[in-house]
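The values are calculated or read from the model by the stated rules, or taken from the named source; none is laboratory data. The structure displayed is predicted, hence computed values, not measured ones. Quick reminder, even Gly has a Cβ in these numbers, built from the backbone with ideal geometry, and neighbours come from all protein chains shown.
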Amino acid sequence: MLGGAPKVMGVLNLTPDSFSDGGRFADTRAAVDAGRAMLAAGATLLDLGAESTRPAGKTYGAGAADVPVEVELRRLLPVLEALRAESDAVLSVDTRKGAVARAALAAGADLVNDVAALADPELARAAATAGCPVVLMHSRGALADMHLHARYEHVVREVRDELAAVLDRAVAAGIDREQILLDPGIGFAKTRSHNLALLARLDELRSLGRPLLVGASRKSFIGELTGAPPSERLAGSLAAVAWAARHRAAIVRVHDVAATVQFLTVYDAVDSSGKSGSLGSDVR
Ligand code: HH2
């Protein structure tokens with residue numbers, strides 16, 4: 001349906017404290033219903049996260065607290081198992097912990113989304129053993145101090161070089177290169193101008209030779225530009241999706257699935273029409 005447009009990954013935060021939708025899906029049934037609704041709205045993938053990765057800094061204060069493995073699994077597994085039982089959609093687990101990745105893969109997850117890019121070597125082992133796709137995201141430092149590392153001379157070049165190093169590290173750890181997707185990490189150890197430069201010049205990351213995932217949905221740079229709170233950042237989020245689509249990102253990670261699918265359907269139709277080189281018979 002979406003042709004060459006990015007696939008849509010719906011964000012299903014099973015956390016009490018995510019920056020944009022924390023606490024909405026605290027009980028399993030509400031979370032499963034929300035996942036089901038995102039799939040019905042056209043999401044190809046769902047990203048289930050049971051630990052907030054809200055960074056520290058001026059926007060979110062101290063940032064998200066560390067969550068023990070047992071708590072992450074208690075939030076995650078019932079929802080993952082219920083969705084797995086009824087859907088063939090790609091179910092991703094957003095975790096930095098190898099033990100969580102391993103348990104989620106055993107429970108039917110298809111993909112591991114690691115914002116810490118293999119900081120836990122156990123996660124690399126779990127992914128290598130499973131042979132599953134892995135998203136590796138660019139960041140610097142830890143959640144608590146990444147805002148202090150948002151210093152770049154040439155942000156796009158440095159993010160590209162650091163992602164190249166991540167890719168090499170993953171392959172050295174036994175993960176099949178063909179299973180790796182890369183992500184510039186919008187909002188992670190980046191200022192507003194870094195985020196904007198990465199979206200504007202995303203195509204320069206394509207030289208890494210791996211598909212790109214972009215997660216800009218409702219992020220704080222949109223609030224900084226517009227003054228809108230997280231729940232009112234859909235229009236700004238769609239502008240970021242347009243740049244991801246223009247630069248041929250493979251996946252966009254979004255909170256508002258129905259609006260994003262509609263946006264990309266029209267974007268892609270215009271794009272394809274332009275490429276076919278012919279005016280439709282209805283306008284001749
Ligand atoms: N952003 C967030 C979480 N996971 N994963 C990838 N690959 N790329 C991202 O940009 C990304 C991510 C942060 O957003 P959200 O899940 O809405 O918030 P929180 O981490 O507070 O739950």
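Here are the numbers for this structure:
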quantity	calculated
Complete set of residues in the stretch 140-161 that are in a helix (DSSP H, G or I) and either surrounded by fewer than 18 Cβ atoms within 10 Å (Cβ to Cβ) or at pLDDT below 95 (or both)	M146, H147, L148, H149, R157, E158, D161
Residues within the stretch 44-62 that are assigned to a loop (DSSP other than H, G, I, E, B), modelled with pLDDT under 80 and surrounded by fewer than 21 Cβ atoms within 10 Å (Cβ to Cβ), tallied	5
Restricting the stretch 203-227 to residues that are under 20 Å from E162 (Cβ atoms) and assigned to a helix (DSSP H, G or I), the residue that is nearest to the ligand (Cβ to nearest atom)	F221
The stretch 108-137, subset at negative phi and part of a loop (DSSP other than H, G, I, E, B), residue surrounded by the fewest Cβ atoms within 10 Å (Cβ to Cβ)	A119
Pairs, first in contact (Cβ under 8 Å) with a residue 24 or more places away in the chain and surrounded by 23 or more Cβ atoms within 10 Å (Cβ to Cβ) in the stretch 210-232, second of a type in the set (K, R) and not in a loop (DSSP other than H, G, I, E, B), C-beta under 6 Å, six or more apart	G215/R253
Checking L80 against (1) more than 18 Å from the chain's Cα centre (by Cα); (2) modelled with pLDDT of 95 or more, the condition it does not meet	(1)
Residue pairs meeting the criteria (Cβ under 7 Å; at least 6 apart or on separate chains; first more than 18 Å from R218 (Cβ to Cβ), in the stretch 11-32; second at pLDDT below 95 and loosely packed, with under 15 Cβ neighbours inside 10 Å)	A26/P16
Any hit, the stretch 157-168, residues being away from the ligand (no atom under 16 Å from the Cβ) and either in contact with a Leu (Cβ under 8 Å, 6 or more places away or on another chain) or under 19 Å from K97 (Cα atoms) (or both)	yes
For W243: the one exception among (1) more than 12 Å from the ligand (Cβ to nearest atom); (2) aromatic (F, W, Y); (3) surrounded by 21 or more Cβ atoms within 10 Å (Cβ to Cβ)	(3)
For L76: the one exception among (1) closer than 29 Å to R160 by Cα; (2) within 16 Å of the ligand (Cβ to nearest atom); (3) crowded, with 17+ Cβ neighbours inside 10 Å	(1)
Among the residues listed as E51, E86, the single one being in contact with a helix residue (DSSP H, G or I) (Cβ under 9 Å, 6 or more places away or on another chain), of a type in the set (D, E) and more than 27 Å from V171 (Cα to Cα)	E86
Sole exception among (1) within 16 Å of the chain's Cα centre (by Cα); (2) buried (at least 23 other Cβ atoms within 10 Å of the Cβ); (3) not in a helix (DSSP H, G or I) for I175, by number	(1)
Test for A37: is it over 15 Å from the mean Cα position of the chain (by Cα) and either modelled with pLDDT of 95 or more or of a type in the set (G, A, S) (or both)	yes
Matching option when the condition is in contact (Cβ under 8 Å) with a residue 40 or more places away in the chain, touching a Phe, Trp or Tyr at 6+ places or on another chain (Cβ under 6 Å) and closer than 19 Å to R246 by Cβ, among L205, L199	L199
